[in-house]
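Student: Here you go, one structure.
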Amino acid sequence: MAISAPLAYVGFCHMHQAMLPLDKPPFVYWSGLDPHNEVFVVWESTRETDSFIRYGTDPEHLTWTMQDEVPVTLHRVHLQNLSPDTRYYYQAGPLSATSADELSEVRSFKTAPATPEEFNITCVSDTQQLGGMGFYNTLASAINKLPDTAFVLNVGDLTQTADDQNLWNLFFRESTFLDRFPLVPCPGNHDDIDKTGSKYIKYFGVTENDRDVCYAFDWGNARFIVAQIANRSHVDPEKPRNQAPFQWLEKTLAESQDRDYRILIYHIHRTDVIAPLVEKYNVSLAIHGHRHSYRRYTINQHMYICLGNGASLQEGIIREEPGTLKRTNNAGFTRLTINPAGIRVQTFTPCMDTMDEVFLRRTLDSDTLIPEEAS
């Protein structure tokens with residue numbers, strides 16, 4: 001009897017996931033695009049239809065339109081020539097729609113600002129759920145209540161199984177914030193971007209890099225660099241498969257030295273590979289996932305954060321490691337508040353209790369960040 005109840009619950013979860021529709025409301029991302037003036041808008045339909053989107057700066061008057069008569073189930077529209085620091089509203093659906101009921105609800109996004117004003121982003125990682133069971137829905141619900149979020153950064157392992165459409169349907173259904181916060185994705189090992197049928201590639205594989213899914217963009221006074229270090233086979237820069245992404249990474253880091261902050265995002269961390277790059281190019285903050293716990297630590301006076309506490313079972317043993325400043329197994333997500341004075345890092349539980357907080361103050365004379373721990 002004690003065993004049958006958990007098994008029944010697992011069976012119920014699988015049945016629930018199998019019944020979720022393929023249809024997905026539109027959402028925004030910009031892998032490889034400049035979010036000051038362009039974004040991708042994507043939605044999915046069960047049956048093949050043509051594509052239609054109307055958009056504008058007034059939700060009551062969506063004055064511009066784009067359309068594509070080719071029938072598809074995954075609809076991806078590239079909006080261009082947008083104005084910086086502007087909230088846009090949009091509605092999407094089939095071109096052949098005969099009534100407003102066949103179109104999505106009006107959703108919105110905001111483009112990147114043209115000046116280095118303060119902004120907030122929300123970061124989460126390892127949102128995969130074992131058998132579709134976990135606490136990502138509670139985190140997503142909390143993120144949904146943060147109206148000043150510029151975008152949501154997911155640092156990999158969006159779902160448990162790369163080619164399981166049911167789990168991806170669940171991920172998008174639980175990501176309730178996508179009606180107004182763009183999603184900035186980074187691939188993880190469970191996203192398996194080298195696997196035929198990877199749904200990460202299906203949804204986010206259109207980037208400036210053709211085969212590869214690394215990209216960078218500027219927001220305010222920071223450059224965000226999303227590296228393609230998704231699994232252990234991607235860690236070695238000398239492997240032929242990895243040479244182009246690592247060459248791109250070094251080139252991008254070198255070209256980012258005029259930004260106030262360089263924030264490096266990747267999934268798998270290996271100190272002997274990552275730390276030399278962080279130190280050579282004075283990376284302001286390195287963010288990764290993979291290990292299922294939250295950890296803030298330093299290597300040679302540079303700050304790193306592991307955000308692996310986004311949805312699934314946590315590591316059972318908290319091990320003491322050199323440079324660790326904060327470590328917890330609690331579920332949570334991290335907020336970055338970035339302005340010319342520095343970067344405030346705040347990590348919260350789904351109930352918005354503070355798990356960790358530090359301010360990385362920028363020193364203009366040496367372009368380094370000095371951590372000031374919260375009292």
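The values are calculated or read from the model by the stated rules, or taken from the named source; none is laboratory data. Only a predicted model underlies this, so the values are computations on that prediction, with no experimental measurement involved. For neighbour counting, all protein chains shown are included, and Cβ atoms are generated from backbone atoms with ideal geometry for every residue, glycine included. Surface accessibility is based on the protein's heavy atoms, side chains included, excluding ligands, DNA and RNA. Shrake-Rupley method; radii C 1.70, N 1.55, O 1.52, S 1.80 Å.
Student: Would you calculate a helix-derived [θ] at 222 nm for the chain, using -39,500 (n - 2.57) for each DSSP H run of n ≥ 4 and dividing by the full residue count, to the nearest 500?
Tutor: So the calculated ellipticity at 222 nm is -5000 deg cm²/dmol.
Student: Under 8 Å for C-alpha pairs, at least 6 residues apart: give me the relative contact order for the range 229-325, rounded to a whole percent.
Tutor: Working: 131 pairs, mean separation 20.0, N = 97.
Normalised by residue count, the contact order of the range 229-325 is 21 percent.
Student: What GluC sites (Glu not before Pro) in the range 40-147 are in a loop by DSSP, with at most 16 other Cβ atoms within 10 Å of the Cβ?
Tutor: Taking the range 40-147 and a limit of 16 other Cβ atoms within 10 Å, the loop GluC sites (Glu not before Pro) found are Glu60, Glu105, Glu117, Glu118.
Student: Given a Förster distance of 30 Å, report the FRET efficiency between Asp58 and Gln165 from their Cβ-Cβ distance, rounded to the nearest 0.05.
Tutor: 0.25
Student: Once the Cβ-Cβ distance between Ala114 and Thr138 is put in as r, and R0 is 41 Å, what FRET efficiency do you end up with, to the nearest 0.05?
Tutor: Between Ala114 and Thr138 the formula returns 0.70.
Student: Still on this model: Send over a whole-number figure in Å² for the accessible area per residue of the chain, probe 1.4 Å.
Tutor: It amounts to 43 Å² per residue over the chain.
Student: Find which of Ser293, Asn221, Thr337 sits farthest along the positive direction of the dipole of the range 217-368, computed with +1 on the beta-carbon of Lys and Arg, -1 on that of Asp and Glu, about the Cα centre.
Tutor: Ser293
Student: For the range 146-198 and the range 248-287, write down the distance between their C-alpha centroids in whole Å.
Tutor: Comparing the Cα centres of the range 146-198 and the range 248-287, I get a distance of 23 Å.
Student: Right, here's the next one. Work out the charge dipole of the range 108-252 with +1 on the Cβ of Lys and Arg and -1 on the Cβ of Asp and Glu about the Cα centre, then indicate which of Pro185, Ser108, Leu153 is farthest towards its positive end.
Tutor: Highest projection toward the positive end goes to Ser108.
Student: Sticking with this one: With springs only between Cα atoms under 10 Å apart, run a GNM on the chain and tell me which of Asp101, Asp258, Asp192 wobbles the most.
Tutor: Top of the fluctuation ranking is Asp101.
Student: If you don't mind, another one. Quick one: pull the percent of accessible area on the chain belonging to carbon and sulfur, 1.4 Å probe, ligands and nucleic acids left out.
Tutor: Details: 8310 of 16120 Å².
Ligands and nucleic acids excluded, carbon and sulfur give 52 percent.
Student: Same structure, new question: Which length gain, in nm to one decimal place, applies between Lys326 and Asp367 when the Cα-Cα distance is subtracted from 0.36 nm times their residue separation?
Tutor: On the way: separation 41, 0.36 × 41 = 14.76 nm, distance 2.43 nm.
So the chain would gain 12.3 nm between Lys326 and Asp367.
Student: Evaluate 2.2 N^0.38 Å with N set to the residue count of the range 202-296, then give the Cα radius of gyration divided by it.
Tutor: On the way: Rg = 13.0 Å, N = 95, 2.2 N^0.38 = 12.4 Å.
Relative to the rule-of-thumb radius for its length, the range 202-296 sits at 1.05.
Student: Taking 25 Å as R0, compute the FRET efficiency from the Cβ-Cβ separation of Ser83 and Asp148 and round it to 0.05.
Tutor: Numbers: r = 20 Å, r/R0 = 0.80.
E between Ser83 and Asp148, to the nearest 0.05, is 0.80.
Student: Counting only pairs 8 or more residues apart or on different chains, how many lysine pairs in the chain have their Cα atoms under 24 Å apart?
Tutor: 10
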